[in-house]
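What follows is a set of notes on a single structure, which appears directly below.
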Amino acid sequence: MPTLPPVKTRHTGWMLFWMTVWGRSYPRVVGMQRERSWLFFDIFLPLMGVSAYVFVYRAIHAPEDYIGFVIVGGVMIAYWMNVLWGMSSQLYWEKETGNLALYIIAPGPLMACLLGMAVGGLFATTLRALVGLVIGSLLFNVNYTVVSFPFLFLVFLAAMIALYGLGMATSSIFLLLSREAWHIANLAQEPIYLVSGFYFPIKSFPFWVAAAGSLIPLTLGLDAIRQLVFASGPSLGFISVPLELGILVVLALVFLFVSYLLLNYMERLAVREGKLTDIRS
Amino acid sequence: MVEIPSIETSGLGRIYKVRAAQKGEQKQLVALQDINLKVSPGELFGLLGPNGAGKTTLIKILTTLLSPTSGWARVSGIDVSKNPEAVRQRINMVSGGESSGYGLLTLRENLWMFAQFYGIPSGEANQRIKALLDIMGLSDRANTRSAQLSTGLRQKMNIIRGFLTDPEVLFLDEPTLGLDVGAARDVRSFVRDWMNDDPRRTILLTTHYLVEAEELCDRVAIINKGRVLACDSPAALKQNLQKESIFEIHLDTTQPLDAHAFDAIDCLNSVHLQPVDNHTVMEVYLEEEAAVAQVIGRLTEKSARILSLQKREPSLEDVFVKLVGASIEEVENADSPAS
């Protein structure tokens, strides 16, 4: 039987951190594209939901920009769904399949694994969001008037970092709550559709309702994006785009820091209580 | 120079708090108590015991997944509780029946992904993956999605994942579970070769299969109900039984025989009866070989027809029976909820 030489190179520190991020993002960047059914479940079905709102707005002769609002909102729902089901509940699933134990005993940091899930999820969802955006825009003849592409990119980036930071933070909580977490995820799904203003501008809400909804990063991100890409966007915006961007940056930093703290807490607690695996001996 | 043990434990214990049947109450489950082990570099050390004996709990502590509630454990001289990050640089683990990795990725991609978590550059990782796939006879499946692999092939993938990172200390928890006879033989052969390649490598193996432990392990610890009952080389453990004569008698009956019916025989140490298919296997441990005649006489009185009778050399199973008073299977059946 042939022999196996020892490993020559083992990276540590930041190099190991980024290798872990890339390694864990790979199943989502590459693997998730292999199931062609995503075209049906992630594009066709959400478009049907969005279409209902489009026809409602057309029936009541709402301004044409509202159609664009709905299309952009529908696209952003994909990110919320990914964060809720692909991030928050992911560590729980990793525990169930046995992967979590392997991540923990590996020298790559668990935080890098979590970041890898987020990066991979963001990539895979962006691919779906882009396809949905193009099809929806062509189908309903949406006109965009982009004020500033760099600003738009910055807002989107800040919103996504904050949103996936939130997902990373909640994943530790979901892991500790185990199966009860499913109920919380289900409970969170529809109310967030409402308070984040996926299908209408949040300016329609009383100020404090909109402000409370702004704790979900998608709310401000979506509002700022609408202000930057539609002619009537600024007049229907909640607060100014620079302020929204500033709040999103703060939310991003806070959520990432909280996720780091929660992950460490969860790992310590799980090792102490024996909750990372079942009580099989 | 004093050699640092690859694994060392002292007074190691673990108590779980589990929910009692009554709401709000907690009860304590002692999974491990007072475990003192020392495994040297280059050793292939086995842990033998029935389900629930504490083997997996011990592995979880040594692999930094679980903290002990008493005592301490070191891997490569590093305390697993105080410095888990340093321990993780040096270890890997494979469990039988695990479903690690992602079904959408190919076998090669899954292995590459795990190599990234250990900081092994892609080029070197891919070379090692190719070599290991060749050794394990999986080269033709390298680009098959792991969801499409059989349980046995997935387990081979898991085993490759463990060896891929070339750990100083490798924990194999029932590694051949789910493998067919040929595949299990290949794995055992590879494990032995891997150990022979580098004298610093260490393996801690848990297994149900006593033959596997006998074939592979330099030393074994027999563990039951969280305690180590004996620890020595398989040969030395069996040596202690050499003064006994062990007879295996196959009886043409499935009717339960009363083991106490043989109590009056002077030189009889123990009797174990196990129904197998449509007959009963009786194992008799005698101080004097000649006493077998009395056993046969007693069987004749009971009208039990003897299909075969043979004297055999003691095995690790016999060692276990001697120490625990029952076979691994009997202990597991006694502990199962159905019993």
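The orientation-averaged projection of the convex hull spanning the C-alpha atoms of segment B:44-179 amounts to 8.8 square nanometres. Can you compute the FRET efficiency between A:Asn264 and B:Ile296 using 1/(1 + (r/R0)^6), with r the Cβ-Cβ distance and R0 = 56 Å? Round to the nearest 0.05. It comes out at approximately 0.25. Legend: ranking of residues B:Lys238, B:Lys27, B:Lys60 from fewest to most surrounding C-beta atoms inside 10 Å; resulting order B:Lys27, B:Lys238, B:Lys60.
With N denoting the number of residues in segment B:127-205, provide Rg(C-alpha) divided by 2.2 N^0.38 Å, to two decimal places. Show your work: numbers first, answer last.
Numbers: Rg = 12.3 Å, N = 79, 2.2 N^0.38 = 11.6 Å.
With N residues counted in segment B:127-205, Rg over 2.2 N^0.38 Å equals 1.06.
Can you return the aspartates and glutamates within cross-link range of B:Lys130? Criterion is Cα-Cα under 13 Å, with same-chain partners fewer than 8 residues away left out. Correct list for B:Lys130: B:Glu109, B:Asp140. Note on chain B: with a GNM built from Cα contacts shorter than 10 Å, the maximum mean-square fluctuation among B:Glu124, B:Glu98, B:Glu283 falls on B:Glu124. Fewest-first ordering of A:Val7, B:Val80 by other beta carbons within 10 Å of each residue's beta carbon gives A:Val7, B:Val80.
Normalised by the number of residues in segment A:66-159, what is the relative contact order in percent for Cα pairs under 8 Å and 6+ residues apart? Before the final figure, lay out each step's value.
Details: 35 pairs, mean separation 44.5, N = 94.
That works out to 47 percent.
In terms of distances greater than 30 angstrom between alpha carbons, the cross-link table entries B:Lys156/B:Lys311; B:Lys17/B:Lys82; B:Lys238/B:Lys302 yield B:Lys156/B:Lys311; B:Lys238/B:Lys302. Shape index of the protein assembly as shown: Rg/Rh, with Rg the Cα radius of gyration and Rh the Kirkwood radius from the inverse mean 1/r over Cα pairs, equals 1.10. Over chain B, Cα pairs under 8 Å with separation of 6+ residues give a relative contact order of 18 percent. Between B:Glu124 and B:Arg185, full extension at 0.36 nm per residue minus the direct alpha carbon distance yields a gain of 19.2 nm. Derived scalar couplings between HN and Hα for segment B:127-139 equal 4, 5, 4, 4, 4, 5, 5, 4, 4, 8, x, 10, 4 Hz in order, rounded to whole Hz, by the Karplus curve 6.51 cos²θ - 1.76 cosθ + 1.60 (θ = phi - 60°), x for Gly and Pro.
The fewest-to-most ranking of B:Cys217, B:Cys231 by surrounding Cβ atoms within 10 Å reads B:Cys231, B:Cys217.
Are any of the pairs A:Lys95/B:Lys55; A:Lys8/A:Lys275; A:Lys275/B:Lys55; B:Lys225/B:Lys322 more than 27 Å apart by Cα-Cα distance, and if so, which? Write out the running numbers ahead of the final one.
Numbers: A:Lys95/B:Lys55 20 Å; A:Lys8/A:Lys275 35 Å; A:Lys275/B:Lys55 17 Å; B:Lys225/B:Lys322 15 Å.
As for pairs spanning more than 27 Å Cα to Cα, those are A:Lys8/A:Lys275.
Taking 2.2 N^0.38 Å as the expected size of a compact globular protein, what ratio does the Cα radius of gyration of chain A give against it, to two decimals?
Numbers: Rg = 20.6 Å, N = 281, 2.2 N^0.38 = 18.7 Å.
Rounded to two decimals, the normalised Rg is 1.10.
Counting only alpha carbon atoms, the long axis of helix B:151-164 and the longest principal axis of chain B meet at about 60°.
A simple spin-label model places the labels of A:Leu243 and A:Glu180 3.8 nm from each other, with each point 7 Å out along Cα-to-Cβ. Here the calculated FRET efficiency for B:Lys243 and A:Lys275, from their Cβ-Cβ distance with R0 = 30 Å, stands at 0.05, rounded to the nearest 0.05.
What's the magnitude of the charge dipole for the protein assembly as shown around its Cα centre, counting Lys and Arg as +1 and Asp and Glu as -1 at the beta-carbon? Answer in Debye, nearest 20.
It comes to approximately 2120 debye.
Label zone (A:Val147, point 7 Å along Cα-to-C-beta; backbone nitrogen cut-off 17 Å) within segment A:59-88: A:65-66, A:69.
For segment B:52-142, the relative contact order comes to 16 percent (Cα pairs under 8 Å, sequence separation of at least 6).
For chain B, the longest principal axis of the Cα atoms and the long axis of helix B:107-117 meet at an angle of about 70 degrees.
Size descriptor for segment A:190-243, Kirkwood hydrodynamic radius: 10.8 Å (Cα pairs only, one decimal).
The C-alpha atoms of chain A define a longest principal axis, and helix A:110-140 lies at about 30 degrees to it. Dipole of the protein assembly as shown computed with +1 at Lys/Arg Cβ and -1 at Asp/Glu Cβ about the Cα centre; of B:Leu299, A:Tyr260, B:Cys217, farthest Cα towards the positive end is A:Tyr260. Dividing the C-alpha radius of gyration of segment A:1-96 by 2.2 N^0.38 Å, with N its residue count, gives 1.74.
Sorting the Cα pairs of chain B by distance into bins of 10 Å, from 0 upward, gives 5, 22, 27, 23, 15, 6, 1, 0 percent per bin.
No lab work stands behind these numbers, since they all come straight from the coordinates. Since we're looking at a predicted model, the values are computed, not measured. So basically every Cβ, Gly included, is an ideal-geometry build from the backbone, and we count neighbours across all protein chains shown.
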